[in-house]
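Report on the following structure.
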Amino acid sequence: MRRAFGTVDTLLLVGGAALLAWGGLYVGRYSGRFDANEFDEIPHGPAPKVVAVAADPNAVVLKAGLAVYNKTCVNCHMADGNGRPEAPYNIPPLAGSDWILAESPNRIARIAMHGLKDPVKVKDVMYQGGVMNPQGQSADNPTGLTNEEIANVLSYVRNSWGNKASIVTLAQVEAVSKEVGKRSENWTVEELMKVPMTGAATTSAAITPDQLKAALKALPAAELEAVLKDVKK
Ligand code: HEC
């Protein structure tokens, strides 16, 4: 049985054509030129690097630290971290050094910032006659290392040549910097031995006799007398 080409068929034809046209326009507008980067579930291009970096932030710190090491320390402490022990250099090693491997970076942060003078014992060998100049940024050394660069390079030397110790954070270096304040003298080993080595960051120093004296002097006479009476009890 044949049926005439009716209104319903016409509507279907026109409607179908309209849908096709809309679909074509839609694909044309939103296809991103069928670029694989637009549609791949696993994106190509620079994205994977970002993912890798986020997965291992320590790798980024160590890489940045290596760059600082090669810029600032390598000429003296050498690429293998063994220093130049022979005269006239007398430069101690960082590889296997107890200074480097200590739990806290409190002392090595000071050495990196302000330098070191006088003899120093590393791996049971006494190094004499060498002086390490300050490497940190200061009014005297405006092109010196920033706290962040120091954190990165210390992280690097604590995790190279077989060394294994915690990453040094910017907060740790900033805490040391704040605690020391302005300083233009190189450290001596004797001074550094007094810096506490346990705990993540330097704890605030105990009040010194001079600070105590100043605080007492600032008290009104009556209160000072009361304090002294209390102490004598
Ligand atoms: C100009 C040469 C020189 C440069 C540059 C230098 N150092 Fe030193 N460093 C020395 C000498 C010399 C000593 C030993 C000083 C002493 O005898 O008191 C030393 C000692 C040290 C020590 C303590 C002893 C040890 O071997 O563990 C550390 C830690 C250290 N340096 C780290 C660094 C880092 C990190 C850098 C780069 C930011 C650096 N140094 C740059 C020459 C240098």
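Among the residues of the stretch 129-144, those identified as open to solvent by 60 Å² or more (accessible area, probe 1.4 Å), farther than 20 Å from residue 193 by Cβ and either at pLDDT 95 or above or within 16 Å of the chain's Cα centre (by Cα) (or both) are 133, 137, 142, 143.
Looking for something modelled with pLDDT of 95 or more, surrounded by fewer than 16 Cβ atoms within 10 Å (Cβ to Cβ) and not acidic (Asp, Glu) - is there at least one such residue anywhere in the stretch 145-152?
Yes, the stretch 145-152 contains at least one residue that is modelled with pLDDT of 95 or more, surrounded by fewer than 16 Cβ atoms within 10 Å (Cβ to Cβ) and not acidic (Asp, Glu).
The residues on offer are 126, 113, and the sole one that is open to solvent by less than 50 Å² (accessible area, probe 1.4 Å) and more than 6 Å from the ligand (Cβ to nearest atom) is 113.
Within the stretch 63-97, the set of residues being in a loop (DSSP other than H, G, I, E, B) and among the charged types (D, E, K, R) comprises 80, 86. What do you reckon, is residue 71 more than 6 Å from the ligand (Cβ to nearest atom), modelled with pLDDT of 95 or more and of a type in the set (Lys, Arg)? Yes: the conditions hold for residue 71. Any chance the stretch 93-105 includes a residue that's exposed (fewer than 12 other Cβ atoms within 10 Å of the Cβ) and modelled with pLDDT under 95? Yes: one or more hits. Taking the condition near the ligand (Cβ under 8 Å from one of its atoms), open to solvent by less than 10 Å² (accessible area, probe 1.4 Å) and in contact (Cβ under 8 Å) with a residue 12 or more places away in the chain, does residue 157 pass? Yes: the conditions hold for residue 157. What do you reckon, is residue 163 in a loop (DSSP other than H, G, I, E, B), more than 7 Å from the ligand (Cβ to nearest atom), polar (S, T, N, Q) and open to solvent by 20 Å² or more (accessible area, probe 1.4 Å)? Taking the combined requirement at face value, the residue does not satisfy it. The set of residues in the stretch 214-233 that are assigned to a loop (DSSP other than H, G, I, E, B) and not hydrophobic (A, V, I, L, M, F, W, C) comprises 220, 233. If you go through the stretch 104-153 and keep only what is touching an Asp or Glu at 6+ places or on another chain (Cβ under 9 Å), free of Cβ contacts under 8 Å to residues at least 40 places away in the same chain and assigned to a loop (DSSP other than H, G, I, E, B), you end up with 123, 128, 137.
Counting just the residues of the stretch 169-213 that are surrounded by fewer than 10 Cβ atoms within 10 Å (Cβ to Cβ) and in a helix (DSSP H, G or I), which one comes out modelled with the highest pLDDT? Within the stretch 169-213, the match that is modelled with the highest pLDDT is 190.
For the stretch 96-110, the set of residues classified as more than 9 Å from the ligand (Cβ to nearest atom) and in contact with a strand residue (DSSP E or B) (Cβ under 7 Å, 6 or more places away or on another chain) consists of 110 only.
The values are calculated or read from the model by the stated rules, or taken from the named source; none is laboratory data. All figures in this text were calculated on a predicted structure; none of them were measured in a lab. Cβ atoms come from the backbone with ideal geometry, glycine included; neighbour counts cover every protein chain shown. The accessibility values were calculated without ligands, DNA or RNA, using every heavy atom of the protein model including side chains. Shrake-Rupley method; radii C 1.70, N 1.55, O 1.52, S 1.80 Å.
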